[in-house]
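Below is one structure, written out as structure tokens; comments come after it.
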Amino acid sequence: MTAIAPAETASRLEDQPGSDRPKAQKSPYPYWFLVPGGLIFTIFFLVPSVMAFYFSLTRWTLFDQEFIGLDNYVQFFREPALASGLWHTIVYAAVTSGLKVVLGMALAVLLTGPILGRGFMRSVAFFPVLVSTIGVGLTFQVLMHPTKGVINQALDLIGITGPAWLVDPDWALLSVALVDVWQGVGLATVIYMAGILSIPGEYFEAAKMDGAGPWHRFRHVTLPLAKPATVSVIILSLIGGMRKFDLIWAMTKGGPGFTSDVMASVVYKQYQAGFYGLSTAGNVVLFLLVIGIVLPLFWFFNRKEDPR
Amino acid sequence: MRLVTALAAGTLSLALSACSAGSLGSSDDEGGGKTEITFLTNNDPSNVKVAEAVIAAFEAKNTDVDVKLDTRPQGSEGDNLVKTRLATGDVADVFEYNSGSLLQALAPQTNLTPVTGEAWVGDLDPTFKQVVSAGADVYGSPWGAIVGGGVFYNKPLYTRLGLQVPKTWAAFMANNAKIKAAGVAPVEQTYSETWTSQILVLADFHNVSAAQPDFAEKYTNNQAKFATTPQALAGFQHLEELKKAGYWNDDYASAKYNEGLNAVAVGTAGHYPMITFGVPALDTAAPGKVNDVGFFALPGDDASRNGVTLWEPSGIYIPKSTEGGELTAAKRFQAFIASPEGCAANASAAPVGGPFAVKTCTLPDTVAPAVKDLSAYVDAGAASPALEFLSPIKGPALEQITVEVGSGIRSAADGAKLYDEDVKKQAQQLGIKGW
């Protein structure tokens, strides 16, 4: 092998859409070709989005609405559940995202290594991703029952008194986050496996020749070259974590009290209560929050990836 | 106001043999000349059983009408479905929906057919009539029975320990101390189903209005607050006091409603604050133990004003979109439900949790002791409607707040203050003057 091949591969890995933007081209289709797609986009996406922004400025009962300017936003930010909900959202997103990066990487290293029944093990790691989230939530609700649940009974056997998990105010949010990690780590693993498998074997050979141990090969070859995978995992799991709702609702409904309420469940409860304008405002805020956190992160990672 | 909808959810839990809505009342359309109307109610299995029985009895008497049963989810989800269908003119010809404050959210004047002049309206219990009215008009007939909020207690345990039914909070706490000393959990709480946590606050309303008759009005006008009215704050304080005294069952945080009913019926708990719509479910939760459960009103400070807080049944309404022959048929169906035959059909399908809201209906002799205990308060006039029937405003987050206070996460004073904020939001949403 020549020394050129790895460099080429590396630069291919680092190719991002932003780095060589295609020149503005004349569309090969006449404009009327765009009409059906444009119509669907306008009716089902553009109009509802604009209406959502409008209704977030009203007090709306489905039967009539009253324009109240920014009052909903003022009210939303005054909401006592909001401050804690916001904090829970960030904690939840950070915990799930962090654990998915660490565990996903560890699993991917394991599953790309020379182990027995690799194909089977890979499928098993991915299975939870395919299961219905509500089903997972309800199952774990039973498993995590403080006295009758399998988890605490197992802990009892080895002499540990487990926490009350979902019904302990200090543990509720964390319990849901752990289940989320269990369910979602398979996806992170697959992304990492793709990242690791695309690293040319020559790097590992060369590192070995130079006397690098397994840790050094991981730290200085795998980790840096799997960085695009890390970026994808972080961004995807952060977005997923911040707008997580189904699992939390199935497991705790934001409880006990408000101790595992996140933005999405606060908004949902407002819809339930018939505060349509207020909850629409909440959704707009959630949308801005996700954008406000993810976009800068995206730029940050992309910039770091493009040192040349 | 999830409590009222929990009414439905309360009776429930019974009869798990769910009949699918599709299989109901589907006689052929070929029977020419029949008027077909659709009746929409919630999908709780025992409620569906009642609906089927009432429809069968109605069709037996009115052979020219074919009633199709349609069901919707319970709770807020179902409420939203009804609202959406009403807003789009797509609701059933006649439907069941909450009475009281939630009814006001349907804007009855614009969306429902007034039935003020109908003959059966005169037979309605006056309080019920008030909670299905808007402005000067009446809109609904009663679906089910009036139920009372208070405390279920285990009668054998009371006999064994020589306890008396308490008429003051102090006497109640003294009973709890003795029950605890006997090694039994004094008070059952079931926070896995959050709506059950509100009873100690909501069912205390008789005591609030006994001390301050104009509380409901002042509360609606933004002049009285839970946090600053001692009698109203008491409900929250009771939760805090019981928690601090260690009187809850050990698994209060994870226990479910049915486990609570079971505990008080078999005597692993002395008391369970609940509404009597739980009576039918008692038999499923603890078969054969219904007669071991008694009921008393939530005690307040003053024994002479001891009385019970009542929840009115939900209503049967006709939307403005129902016209012509369907309207006539729907009105006959609505009237049938408010007649003795309607009540009898109801009672034949499921045990009742309290007296009917129609004067011409009587309770069967076989009712459970807890229901007899409730009727005694009602007959003695020692009863007030719950706040949600006197005021259109009930904050939606009460159940989370009471879970927090009852779990020791938040103090009673803080909880009451937070609830006042919640109430304010609801009042503004409803566009009530003075907020």
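The values are calculated or read from the model by the stated rules, or taken from the named source; none is laboratory data. Bear in mind the structure is a predicted one, so any value in this text is a computation, not a measurement. All Cβ positions, even for glycine, are placed from backbone atoms using ideal geometry, and neighbour counts span all protein chains on display.
Within the bounds of region A:204-212, is there any residue that is crowded, with 17+ Cβ neighbours inside 10 Å and not aliphatic (A, V, I, L, M)? No, every residue in region A:204-212 fails to be crowded, with 17+ Cβ neighbours inside 10 Å and not aliphatic (A, V, I, L, M).
Within region B:108-141, the residues that satisfy the criterion of being without any contact (Cβ under 8 Å) to a residue 24 or more places away in the chain, more than 16 Å from B:G342 (Cβ to Cβ) and not polar (S, T, N, Q) are B:G117, B:P126, B:K129, B:A136. Here A:H145 meets the list (1) touching a residue at least 40 places away in the same chain (Cβ under 8 Å); (2) surrounded by 12 or more Cβ atoms within 10 Å (Cβ to Cβ) almost entirely, failing just condition (1).
Picking from residues in region A:148-162 that are assigned to a loop (DSSP other than H, G, I, E, B) and surrounded by fewer than 17 Cβ atoms within 10 Å (Cβ to Cβ), the one that is farthest from the other protein chains (Cβ to nearest Cβ) is A:I158. Among the residues examined, B:T84 qualifies as surrounded by fewer than 18 Cβ atoms within 10 Å (Cβ to Cβ) and assigned to a helix (DSSP H, G or I). The lone criterion from (1) assigned to a helix (DSSP H, G or I); (2) surrounded by 21 or more Cβ atoms within 10 Å (Cβ to Cβ); (3) in contact with a Leu (Cβ under 9 Å, 6 or more places away or on another chain) left unmet by B:G78 is number (3).
Among the residues of region B:296-320, what is the count of those that are of a type in the set (G, A, S) and either surrounded by fewer than 18 Cβ atoms within 10 Å (Cβ to Cβ) or under 17 Å from B:T41 (Cβ atoms) (or both)?
Residues of region B:296-320 of a type in the set (G, A, S): B:297, B:300, B:303-304, B:307, B:314-315.
Retained after the next criterion (residues that are either surrounded by fewer than 18 Cβ atoms within 10 Å (Cβ to Cβ) or under 17 Å from B:T41 (Cβ atoms) (or both)): B:303-304, B:314-315.
Count: 4.
A:G162 falls short on exactly one of the conditions (1) at pLDDT 90 or above; (2) in contact with a helix residue (DSSP H, G or I) (Cβ under 8 Å, 6 or more places away or on another chain); (3) small (G, A, S), and that condition is (1).
Criterion applied to B:A255, B:A211, B:A216 was being aliphatic (A, V, I, L, M), over 23 Å from the mean Cα position of the chain (by Cα) and at pLDDT below 95, and the one residue passing it is B:A211. Of all residues in region B:93-114, exactly one satisfies the criterion of being surrounded by fewer than 23 Cβ atoms within 10 Å (Cβ to Cβ), more than 14 Å from chain A (Cβ to nearest Cβ) and in contact with a Phe, Trp or Tyr (Cβ under 7 Å, 6 or more places away or on another chain), namely B:P114. Against the definition (assigned to a strand (DSSP E or B) and within 24 Å of B:Q130 (Cα to Cα)), how does B:T41 come out, yes or no? Judged against the criteria, B:T41 is a match. Taken over region B:53-92, residues that are of a type outside the set (S, T, N, Q) and either within 12 Å of chain A (Cβ to nearest Cβ) or farther than 14 Å from B:F333 by Cβ (or both) amount to 15.
Where residues in region A:225-264 are closer than 27 Å to A:N302 by Cβ and β-branched (V, I, T), which of them is surrounded by the most Cβ atoms within 10 Å (Cβ to Cβ)?
Residues of region A:225-264 closer than 27 Å to A:N302 by Cβ: A:225-244, A:263.
Restricting the remaining residues to those that are β-branched (V, I, T) gives A:230-231, A:233-235, A:239.
Details: A:T230: 19, A:V231: 20, A:V233: 26, A:I234: 19, A:I235: 16, A:I239: 17.
Checking each candidate, the answer is A:V233.
Kindly indicate whether any position in region B:65-80 is over 20 Å from B:E323 (Cα atoms), in the same structural domain as B:I318 (by TED's automatic domain parsing) and at pLDDT 90 or above. Checked against the condition, which is being over 20 Å from B:E323 (Cα atoms), in the same structural domain as B:I318 (by TED's automatic domain parsing) and at pLDDT 90 or above, region B:65-80 yields at least one hit.
For every residue, the table says whether it meets (1) within 14 Å of chain B (Cβ to nearest Cβ); (2) outside any helix (DSSP H, G or I).
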position: A:F45; (1), (2): no, no
position: A:V50; (1), (2): no, no
position: A:F53; (1), (2): no, no
position: A:L62; (1), (2): yes, yes
position: A:E66; (1), (2): yes, yes
position: A:G69; (1), (2): yes, yes
position: A:N72; (1), (2): yes, no
position: A:F76; (1), (2): yes, no
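One residue stands out among those in region A:117-142 that are within 15 Å of A:M251 (Cβ to Cβ), among the hydrophobic types (A, V, I, L, M, F, W, C) and in contact (Cβ under 8 Å) with a residue 60 or more places away in the chain: the one that is surrounded by the most Cβ atoms within 10 Å (Cβ to Cβ), which is A:F140.
If you go through region A:240-269 and keep only what is in a helix (DSSP H, G or I) and within 11 Å of chain B (Cβ to nearest Cβ), you end up with A:S265, A:V266, A:Y268, A:K269. Among the residues of region B:334-360, the ones that are of a type outside the set (S, T, N, Q) and more than 21 Å from B:G278 (Cβ to Cβ) come to 11 in all.
Here A:L173 fulfils each of the conditions (1) under 15 Å from A:V102 (Cα atoms); (2) surrounded by 19 or more Cβ atoms within 10 Å (Cβ to Cβ) apart from (1). Of the set (1) modelled with pLDDT under 90; (2) part of a loop (DSSP other than H, G, I, E, B), all apply to B:L7 but (2).
Restrict the check to region B:364-386 and report whether at least one residue is under 30 Å from A:D261 (Cα atoms) and touching a residue at least 12 places away in the same chain (Cβ under 8 Å).
In the first step, residues of region B:364-386 are kept if they are under 30 Å from A:D261 (Cα atoms); the result is B:386.
Of the ones still in play, those that are also touching a residue at least 12 places away in the same chain (Cβ under 8 Å) are B:386.
Yes: one or more hits.
On the stretch given as region A:193-203, residues that are of a type outside the set (A, V, I, L, M) and either modelled with pLDDT of 95 or more or out of contact with any helix residue (DSSP H, G or I) (no Cβ under 6 Å at 6 or more places or on another chain) (or both) total 2. Residues that are in a helix (DSSP H, G or I), at pLDDT 85 or above and β-branched (V, I, T): does region A:17-35 have at least one? Among the residues of region A:17-35, at least one is in a helix (DSSP H, G or I), at pLDDT 85 or above and β-branched (V, I, T), which makes the answer yes. Here the condition is being away from chain A (no Cβ under 14 Å) and surrounded by fewer than 17 Cβ atoms within 10 Å (Cβ to Cβ); of B:A368, B:A349, B:A382, B:A357, it holds for B:A382 alone. Check whether at least one residue in region A:104-116 is more than 14 Å from chain B (Cβ to nearest Cβ), closer than 24 Å to B:S407 by Cβ and either buried (at least 20 other Cβ atoms within 10 Å of the Cβ) or over 18 Å from the mean Cα position of the chain (by Cα) (or both), and report yes or no. No; the residues of region A:104-116 include none that is more than 14 Å from chain B (Cβ to nearest Cβ), closer than 24 Å to B:S407 by Cβ and either buried (at least 20 other Cβ atoms within 10 Å of the Cβ) or over 18 Å from the mean Cα position of the chain (by Cα) (or both).
Among residues of region B:392-419 that are in contact (Cβ under 8 Å) with a residue 12 or more places away in the chain and at the interface with chain A (Cβ under 8 Å from one of its Cβ atoms), those with a beta-carbon under 8 Å from a residue that is of a type in the set (D, E) and surrounded by fewer than 24 Cβ atoms within 10 Å (Cβ to Cβ) at least six positions away or on a different chain give the pairs B:P396/B:D422; B:A397/B:D422; B:I401/B:D422. Just one of (1) part of a loop (DSSP other than H, G, I, E, B); (2) touching a Ser or Thr at 6+ places or on another chain (Cβ under 6 Å); (3) at pLDDT 60 or above fails for B:L14. It is (3).
Would you check which residues across region A:270-283 are more than 7 Å from chain B (Cβ to nearest Cβ) and touching a residue at least 24 places away in the same chain (Cβ under 8 Å) and list them? Steps first, answer last, please.
First, pick out the residues of region A:270-283 that are more than 7 Å from chain B (Cβ to nearest Cβ): A:270-271, A:276-283.
Across region A:270-283, the qualifying residues are A:Y276, A:G277, A:L278, A:T280, A:A281, A:G282, A:N283.
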